[in-house]
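**Q** I'd like to ask you about the structure that follows.
Each reported figure results from applying straightforward, stated rules to the coordinates on display, with no laboratory input. The structure presented is a predicted model; accordingly, all values stated were derived computationally and were not measured. Counting neighbours? That spans all protein chains shown, and the Cβs are built from the backbone with ideal geometry, glycine included.
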Amino acid sequence: MQLELISRSPTNHENGNSILFVHGAYHAAWCWEEHFLDYFSNSGYFAYALSLRGHGNSESFALQKVGFNEYLEDIKQTIQKLGQQTILVGHSLGGMLVQKYIETNAVPAAVIMSATTPQGLNAVGKRLLSLYPIKTMQMLLTGNPNTFWHSSQVIQNMFLSPEITEDKKNHYTKRIVSQSEPGHLMLKELPSLKFNRPIKPQRILVLKGKKDALIQDRECNMLADIHQVRPVFLDQLPHDLMLGENWKLAADTTLNWLQAEGLH
């Protein structure tokens, strides 16, 4: 399996720790390359961003042959390459993948951003139905989530910060709508998953932006409750907190937590 892996090596001091960033649905490694890879490599980490199969420049597959377990295998394959002592950072769907991975695999630490539980997704679905009734019904009737998520209006309202420039907004939207996700994954697999507390105690940080239009605070709390941790809610940050004008707040919060955990 040929998977895109964008990397940055430490530029100043090296602390010996590696971080693997995992993107969410309709994104790819590029979303971490915008700011986070350089930020964390400048802070002494080996920083890597993975594109899951069918995303970015990774090997493509027919959508009907790709599901949650296949994406999980992509993470496992990458960690085998980087080494088991790799810190994981996952965003949205990537956060759900990280959650599932750490249930049975020990990692130095994990950061889960803008994510919820499978049960929380049901509330998200109801909210989308109220906001976009026609588009949501079309998605449900056709079983094709791409008819919904390939809408520039939906992407900009649900994912992006209204404060970013029009040029950036259009650039990010174009990259996001260029990706597709399997209908069975988005509409059937994810809502039916079962999340469990990791077998071994893990160091977990749960982050969410207060301006996240897709995931609400109570839905993020459902995920944090699994780990018996208090989520950190960041003012002014949207769902795509790595792309907003205030992206550094999310990066600083993550870095400060890793340093407090002795991973520096």
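**Q** Which percent, nearest 5, of DSSP beta bridges in the chain are antiparallel? Mind dumping the intermediate values first?
**A** Numbers: 4 of 25 bridges.
Taking every DSSP beta bridge with both residues in the chain, the antiparallel ones total about 15 percent.
**Q** Read phi for every residue in region 185-200 and hand back ³J(HN,Hα) as whole Hz from Karplus 6.51 cos²θ - 1.76 cosθ + 1.60, θ = phi - 60°, with x for Gly and Pro.
**A** My calculation for region 185-200 gives 5, 6, 9, 10, 5, 4, x, 9, 5, 10, 9, 10, 5, x, 4, 9 Hz in order.
**Q** Here's something else I'd like to know. Report the full-extension gain for the segment Asp252 to His35: residue separation times 0.36 nm, less the Cα-Cα distance, to one decimal in nm.
**A** Working: separation 217, 0.36 × 217 = 78.12 nm, distance 1.17 nm.
Fully extending the segment from Asp252 to His35 adds 76.9 nm.
**Q** Please list, in order, the residues from region 136-170 whose amide nitrogen is less than 15 Å from a point placed 7 Å along the Cα→Cβ vector of Glu245.
**A** From region 136-170, the list is 160-170.
**Q** To continue, here is another question. Check Gly54: other-chain or 5+ apart residues with amide H under 5 Å from its amide H, H built from backbone geometry?
**A** Distant-sequence amide H within range of Gly54: Glu59, Ser60, Phe61.
**Q** Could you give me the ³J(HN,Hα) list for region 157-170, computed from phi with Karplus coefficients 6.51, -1.76, 1.60 and θ = phi - 60°, whole Hz, x at Gly and Pro?
**A** Values, residue by residue: 6, 8, 9, 9, 7, x, 7, 6, 5, 4, 4, 5, 4, 5 Hz.
**Q** Here is a further query. For region 83-189, place one equal point scatterer on every Cα, skip the solvent, and apply the Debye formula. What is log10 of I(q)/I(0) at q = 0.11, 0.16, 0.23, 0.25 Å⁻¹?
**A** Here the Debye-derived log intensity ratios amount to -0.43, -0.86, -1.30, -1.38.
**Q** Can you tell me, using C-alpha contacts under 8 Å and at least 6 residues apart, the relative contact order of region 56-166 as a whole percent? Walk me through the numbers on the way to the answer.
**A** Values: 70 pairs, mean separation 17.1, N = 111.
Contact order relative to length: 15 percent.
**Q** Of the candidates Glu70, Glu166, Glu219, which one comes out as most mobile in a Gaussian network treatment of the chain with C-alpha springs shorter than 10 Å?
**A** Greatest mean-square fluctuation among the candidates belongs to Glu166.
**Q** For His13 paired with His171, estimate the spin-label separation in nm (one decimal), with each label point 7 Å from Cα along the Cα-to-Cβ line.
**A** 3.2 nm
**Q** What order, most packed first, do the peptides 14-25, 193-204, 77-88, 108-119 have when packing is the mean number of other Cβ atoms within 10 Å of each residue?
**A** Working: 14-25: 21.8, 193-204: 14.4, 77-88: 16.1, 108-119: 23.6.
So the peptides 14-25, 193-204, 77-88, 108-119, ranked by packing, come out 108-119, 14-25, 77-88, 193-204.
**Q** Let me ask something else. If the only charges are +1 at each Lys and Arg Cβ and -1 at each Asp and Glu Cβ, what is the size of the charge dipole of region 179-264 around the Cα centre, to the nearest 20 debye? It would help to have the intermediate numbers written out before the result.
**A** Numbers: 11 positive and 11 negative charges, 73 e Å.
Charge dipole of region 179-264: 360 debye, to the nearest 20.
**Q** Then there's this: Would you be so kind as to identify which of Pro108, Asn69, Gly90 lies farthest towards the positive end of the dipole of the chain, taking Lys and Arg as +1 and Asp and Glu as -1 on Cβ and the Cα centre as origin?
**A** Asn69
**Q** On a 0 to 90° scale, report how tilted helix 93-104 is relative to the longest principal axis of the chain, with both axes built from alpha carbons and the result rounded to the nearest 10.
**A** 50 degrees
**Q** Modelled label-to-label distance, Glu73 and Asn122, 7 Å Cα→beta-carbon offset: nm?
**A** Placing both labels 7 Å beyond Cα along the Cβ direction yields 3.0 nm.
**Q** Based on the Kirkwood radius over alpha-carbon pairs, what value in µm²/s does the Stokes-Einstein equation return for the translational diffusion coefficient of region 199-245 at 37 °C and 0.692 mPa s?
**A** Estimated diffusion coefficient is 292 µm²/s.
**Q** Still on this structure, I have one more. Given Cβ point charges of +1 (Lys, Arg) and -1 (Asp, Glu) and nothing else, what value in debye, to the nearest 20, does the dipole of the chain about its Cα centre take? Write down the numbers at each step before the final one.
**A** On the way: 24 positive and 24 negative charges, 134 e Å.
For the chain, the charge dipole is close to 640 debye.
**Q** May I pose another question? State the extension gain, in nm to one decimal, for the chain segment bounded by Gln236 and Leu140, taking 0.36 nm per residue of separation less the distance between their alpha-carbons.
**A** Details: separation 96, 0.36 × 96 = 34.56 nm, distance 3.16 nm.
Here the answer is 31.4 nm.
**Q** Then there is this: Please work out whether the chain counts as rounded, prolate or oblate from its C-alpha gyration tensor, where a ≥ b ≥ c are the square roots of the eigenvalues and a/c under 1.5 means rounded, while otherwise a/b larger than b/c means prolate and anything else oblate? Mind showing how you got there, number by number?
**A** Values: a/c = 1.39, a/b = 1.34, b/c = 1.04.
In terms of gyration-tensor shape, rounded.
**Q** Using Cα atoms only, what is the angle between the long axis of helix 217-227 and the major principal axis of the chain, expressed in degrees (0 to 90) to the nearest 10?
**A** The helix 217-227 is inclined about 50 degrees to the chain.
**Q** Sticking with this one: Shape of region 128-247 from its Cα gyration tensor (a ≥ b ≥ c, root eigenvalues): rounded if a/c is under 1.5, otherwise prolate when a/b > b/c, or oblate? It would help to have the intermediate numbers written out before the result.
**A** Details: a/c = 2.09, a/b = 1.21, b/c = 1.73.
Since a/c reaches 1.5 but b/c is at least a/b, the shape of region 128-247 is classed as oblate.
**Q** Still on this structure, please answer the following. So how far apart, in nm, are the two label points at Ser130 and Val229 if each is 7 Å from Cα heading toward Cβ?
**A** The two pseudo-label positions are separated by 3.0 nm.
**Q** Here's another thing I want to ask about it. Between Lys211 and residues 5 or more places away or on another chain, which pairs have amide H atoms under 5 Å apart, with H built 1.01 Å from N, and which residues are they?
**A** Placed amide hydrogens put Gln236, Leu237 under 5 Å from Lys211.
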